[in-house]
Amino acid sequence: MDLSAKKKKSSGKKKVAVVGGGLVGALCASFFAKRGFDVALFESREDIRCAKVVKGRSINLALSHRGRQALKHIGIEEKIVSMGIPMRARMIHSLSGKCSPIPYGRKGQYILSVGRANLNKELLSEPVDICSLGDCRPDGAERDFEADLIVGCDGAFSTTRKQFLRRSRFDYSQTYIPHGYIELTMPPRNGDFAMEPNFLHIWPRNTFMMIALPNLDKTFTCTLFMPFEDFEKITTGDELIAFFQKHFPDSIPLIGVEALKRDFFMLPAQALVWVKCSPYHVLDRCVLMGDAAHAMVPFYGQGMNAGFEDCLVFNEIMDQFNEDFAAVLPEFSRVRAPDDHAMCELAMYNYIEMRSHVNSRYFLFRKYLDGALNYIMPKTIIPLYTMITFTRTRYHEAVIQWQCVCLSLNRCLLEHIRSCLAGCPFCRCEASEDFLNTFLRRTQSTG
């Protein structure tokens, strides 16, 4: 599809071509259709609504406030929420098998575990009577299509974005992290969930981790994230079982020995990539959204939500500039790129938090302190996770606000420790001062 598509005559409806029929593409098509545009949705894969086997990634999704607001705008929020399972806290599994919950936020706040395939089918059912669902030719032959606007929602390896690379002053970076993932299935036990369902279960092991999210069929989708070099060391069923007995012993009877071997060796470990680019548009003819603009690692649960919010933000800017693409597209790039880049960085940081920091007593203390202060001063101190997950505070502004809060809190903690030690003659020394300054630096980096 050529970016230099000619404009239609002003007498007819403006035509929008959405490239990519995944989650963000399907939602984007719904937004444009709702505004009265003539929308065509293009997808190279088989129509997911008819496919017997759904290809592609199957990492479960965590739907939160930003995504729900976008779904609410097209009128399907409640329907999608009914298809999800609330997760009110992280459930941390220690090596000994002890389980400790860490709430996500205040009472009543939760994220939803939703299946990717079912959500995609529901989103595609929305615009299908309004816009045509076309598919590219499987032989790769070019197909001409005329449109006023092309919206690239075709994922991390976007074909649409490749056209941007031919233009000057387009910044682009792609980074593979040294960790991959393998998915496992934990079946029901006696017709019910094998573990408590209203939690995101985490087995943090410092340099790697396993998580489990509940499904409506009472299974759990377990995902093992680990360095590729560690995956490569496990070549036999016996080595796999020995590895799980050492690091995830409580999960073996829940998954089952044979099922564990089958799932683990079914596919090689899959790679994780994050993509940043800017600007998101070319003139008034093409714009990128979702993973095509900002693919991120899945550790903050914001990839889908950020993509859905792209659609919502674009729609709000369309209202602001009266659907003038020449003004809307540059403004979308200006507003959205800093937020998405900040979220990409946060998602990578949260992997360290999930696999390692949750084992730290200081981390647990700060979670308790942040929650208590938020309860006392709900408008002044809002934890970073709360701003990201339960509000529509702009991503980069949430980071800046939280850095300021952490700096103030850490200085207060430091002064409190200094005052407590002031009366102790053994603590009035240069080494004690060095310790306090080191504490301040570390708390600033982990806040």
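The values are calculated or read from the model by the stated rules, or taken from the named source; none is laboratory data. Source: prediction; values computed, not measured. With ideal geometry, Cβ positions are generated from the backbone for all residues, glycine too; neighbour counts draw on all protein chains shown. We work out accessible area using only protein heavy atoms, side chains counted, and drop any ligands, DNA or RNA first. Shrake-Rupley method; radii C 1.70, N 1.55, O 1.52, S 1.80 Å.
Hey, could you check region 173-192 for residues that are open to solvent by 50 Å² or more (accessible area, probe 1.4 Å) and among the β-branched types (Val, Ile, Thr) and say which is farthest from residue 218 (Cα to Cα)?
Applying the filter and picking the extreme gives 175.
Within region 76-98, work out how many residues are open to solvent by 30 Å² or more (accessible area, probe 1.4 Å) and among the aliphatic types (A, V, I, L, M).
Of the residues in region 76-98, 2 are open to solvent by 30 Å² or more (accessible area, probe 1.4 Å) and among the aliphatic types (A, V, I, L, M).
Return yes or no: is residue 102 in a helix (DSSP H, G or I) and open to solvent by less than 50 Å² (accessible area, probe 1.4 Å)? Please lay out each step first, then the result.
Details: in a helix (DSSP H, G or I): no; open to solvent by less than 50 Å² (accessible area, probe 1.4 Å): yes.
So residue 102 fails the test.
Using the structure shown, decide if residue 338 is in contact with a helix residue (DSSP H, G or I) (Cβ under 7 Å, 6 or more places away or on another chain), surrounded by fewer than 21 Cβ atoms within 10 Å (Cβ to Cβ) and in a helix (DSSP H, G or I). Before the answer, list the steps.
Working: in contact with a helix residue (DSSP H, G or I) (Cβ under 7 Å, 6 or more places away or on another chain): yes; surrounded by fewer than 21 Cβ atoms within 10 Å (Cβ to Cβ): yes; in a helix (DSSP H, G or I): yes.
When the stated conditions are applied, residue 338 passes them.
Of the residues that make up region 323-334, is at least one under 20 Å from residue 399 (Cβ atoms) and surrounded by fewer than 21 Cβ atoms within 10 Å (Cβ to Cβ)?
yes
Which condition does residue 348 not pass, out of (1) touching a residue at least 60 places away in the same chain (Cβ under 8 Å); (2) under 23 Å from residue 100 (Cα atoms), if it passes all the others?
Residue 348 satisfies every listed condition except (2).
Would you list the helices (runs of 4 or more DSSP H) that sit entirely within region 193-291 and hold 3 or more residues that are in contact (Cβ under 8 Å) with a residue 60 or more places away in the chain and not hydroxyl-bearing (Ser, Thr, Tyr)?
Values: elements: 228-233, 237-247, 252-255, 257-264.
Fully inside region 193-291 and qualifying: 257-264.
Within region 23-69, restricting attention to residues that are basic (Lys, Arg) and modelled with pLDDT of 95 or more, which residue is most open to solvent (accessible area, probe 1.4 Å)? Break it down stepwise before answering.
The initial filter retains those residues of region 23-69 that are basic (Lys, Arg), namely 34-35, 45, 49, 52, 55, 57, 66, 68.
Checking the rest, the ones that are also modelled with pLDDT of 95 or more come to 66, 68.
Values: 66: 1, 68: 47 Å².
Looking at the filtered set, the residue picked out is 68.
Could you list, in sequence order, all residues of region 64-83 that are free of Cβ contacts under 8 Å to residues at least 40 places away in the same chain and either hydroxyl-bearing (Ser, Thr, Tyr) or not in a helix (DSSP H, G or I) (or both)?
Listed by number, the residues that qualify are 75, 82.
Consider residue 319 carefully, then state whether it is in a helix (DSSP H, G or I), in contact (Cβ under 8 Å) with a residue 24 or more places away in the chain and charged (D, E, K, R). So that I can check it myself, show each step before the final result.
Working: in a helix (DSSP H, G or I): yes; in contact (Cβ under 8 Å) with a residue 24 or more places away in the chain: no; charged (D, E, K, R): yes.
Taking the combined requirement at face value, the residue does not satisfy it.
I'm checking my understanding of the structure. Among residues of region 168-217 that are charged (D, E, K, R) and touching a helix residue (DSSP H, G or I) at 6+ places or on another chain (Cβ under 8 Å), which one is nearest to residue 95 (Cα to Cα)?
Going residue by residue through region 168-217, those that are charged (D, E, K, R) are 169, 171, 183, 189, 192, 196, 205, 217.
Adding the requirement that they be touching a helix residue (DSSP H, G or I) at 6+ places or on another chain (Cβ under 8 Å) leaves 183, 189, 205.
Working: 183: 20, 189: 22, 205: 8 Å.
For region 168-217, the residue satisfying everything is 205.
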